[in-house]
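See structure below.
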Amino acid sequence: MIRVAIIPGDGIGPEVMTGVIPLLDWSRARGRELEWVTFPYGADHFLNTGETLSDRHFADLRDTFDAILFGAVGDTRIPDGRHAEQLLLRLRQGLELHVNFRPCRPFLAIHIPLKDLQPDEIDIEVFRENTEGPYCLRGRTEEELAVDEAVHTARAIRILLATAFEQASGRACPLTLAQKANVLKHGHGLWIRIFKELCADYPSVAAETMHADALLCALVQNPRRFGVIAADNFIGDLTSDLLAGFQGGMGMAPSASWAPHRPFRCNALFEPVHGSAPDIAGTGKANPVGMILSTSLLFRHLGWEEEAARLHQAVGEVLRSGIATPDLAGSATCQEVQRAVAKVLG
């Protein structure tokens with residue numbers, strides 16, 4: 001029995017997560033052994049209890065579930081965002097989810113802001129290290145000085161890069177390491193050293209390194225030339241957010257985080273790239289596609305290839321029919337898109 005923990009979170013998180021339940025029901029009706037439990041962790045829980053994720057609750061997620069579906073986190077009632085940091089960062093670091101995977105596969109040409117490009121010409125996958133770099137939240141602030149530390153370890157880098165090399169090898173596509181070792185000589189120097197070591201293990205992969213600023217420029221000029229991109233937490237975040245623009249915006253982009261070395265039972269988390277968007281929460285304007293496609297990535301992670309493919313195809317069919325939320329110049333509500341996808345699945 002596969003057990004999935006559902007954490008809707010804040011803002012539009014509960015709205016986009018609502019449409020996931022029929023998808024889980026659909027997979028179970030097809031014979032998949034699946035059960036799920038919804039947890040309240042988020043701003044309301046924090047404000048009511050003062051707790052983000054207790055040690056007992058974290059251990060329960062880690063040891064008795066197989067994966068987590070996560071909506072979004074962030075609430076204006078908690079301006080410093082400490083509950084968001086303590087929740088999501090703890091899940092990523094505590095579960096050792098070193099690999100963050102963000103695919104860019106547009107559905108419609110109208111969603112691509114570059115001229116003369118068709119959806120089948122862009123198939124880019126970003127592999128982002130998910131637990132370290134500048135996002136480790138180490139540093140200090142003094143009256144006239146602020147310092148943010150970036151931490152990089154060979155173990156985390158090697159896990160991320162080995163996964164990226166494996167993917168590039170399987171796809172027979174190029175692998176590009178995005179880095180700024182010309183300035184960040186220590187941390188990104190370590191990335192380049194390990195990258196070169198792994199190049200010897202994957203001689204069939206066309207591997208290169210690029211300065212991150214040059215890579216972003218090249219992605220806008222000619223995204224066709226790229227296949228797999230690997231990067232640290234910060235650069236990977238920026239790169240994948242740029243690529244979301246080729247898909248129609250942040251609401252369209254899914255992600256998966258996992259631990260290839262599988263130290264715990266719960267070794268994967270799936271969430272849309274968009275944030276909690278409190279300004280549109282409750283208006284029906286939220287785009288649920290990123291969450292739906294993240295659920296497709298969950299199915300693929302579980303080895304349910306047919307369900308994953310059918311769900312991805314259903315999203316494309318709905319979008320091609322003209323049913324879309326306002327961020328895609330449509331007039332449908334979040335709930336109408338969710339119902340349309342479920343209807344296509346049958």
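Observations, loosely collected:
- Calculated FRET value between residue 60 and residue 115, using beta carbons and R₀ = 45 Å, to 0.05: 0.30
- The residues of region 100-149 expose, per residue, 56 Å² of accessible area to a 1.4 Å probe.
- Ordering of 212-225, 141-154 by packing [mean C-beta count within 10 Å, highest first]: 212-225, 141-154
- Counting protein heavy atoms only, region 95-199 has 52 percent of its accessible area on carbon and sulfur, 1.4 angstrom probe.
- Percentage relative contact order, the chain, counting C-alpha pairs under 8 Å, at least six apart: 22
- Of the GluC sites (Glu not before Pro) found in region 1-71, those in coil by DSSP whose Cβ has at most 15 other Cβ atoms within 10 Å are 33, 51.
- Region 295-328 and region 68-118: distance between their alpha carbon centers, rounded to Å: 17
- Normalised per residue, the accessible area of region 229-346 is 36 Å², obtained with a 1.4 Å probe and no contribution from ligands, DNA or RNA.
- Protein accessible area in region 268-312, 1.4 Å probe - carbon and sulfur %: 49
- Loop trypsin sites (Lys or Arg not before Pro), region 58-110, which have at most 11 other Cβ atoms in a 10 Å radius of their Cβ (DSSP): 77
- Per-residue HN-Hα couplings for region 53-64 [Karplus 6.51, -1.76, 1.60; θ = phi - 60°; Hz; x = Gly/Pro]: 8, 5, 4, 5, 5, 4, 4, 5, 4, 5, 9, 10
- Taking the DSSP bridge list for the chain and keeping only pairs wholly inside it, about 45 percent are antiparallel.
- Percentage relative contact order, region 193-346, counting C-alpha pairs under 8 Å, at least six apart: 16
- The chain: calculated mean residue ellipticity at 222 nm from DSSP helix runs of at least 4, using -39500 (n - 2.57): -12000 deg cm²/dmol
- Accessible surface for region 5-91, divided over its residues, is 42 Å² per residue with a 1.4 Å probe.
The values are calculated or read from the model by the stated rules, or taken from the named source; none is laboratory data. Keep in mind that what you see is a predicted model, and the values were worked out from it rather than measured. Please note: Cβ atoms are built from the backbone with ideal geometry, for glycine as well, and neighbour counts cover all protein chains shown. Protein only, heavy atoms only, side chains kept; ligands, DNA and RNA dropped before computing areas. Shrake-Rupley method; radii C 1.70, N 1.55, O 1.52, S 1.80 Å.
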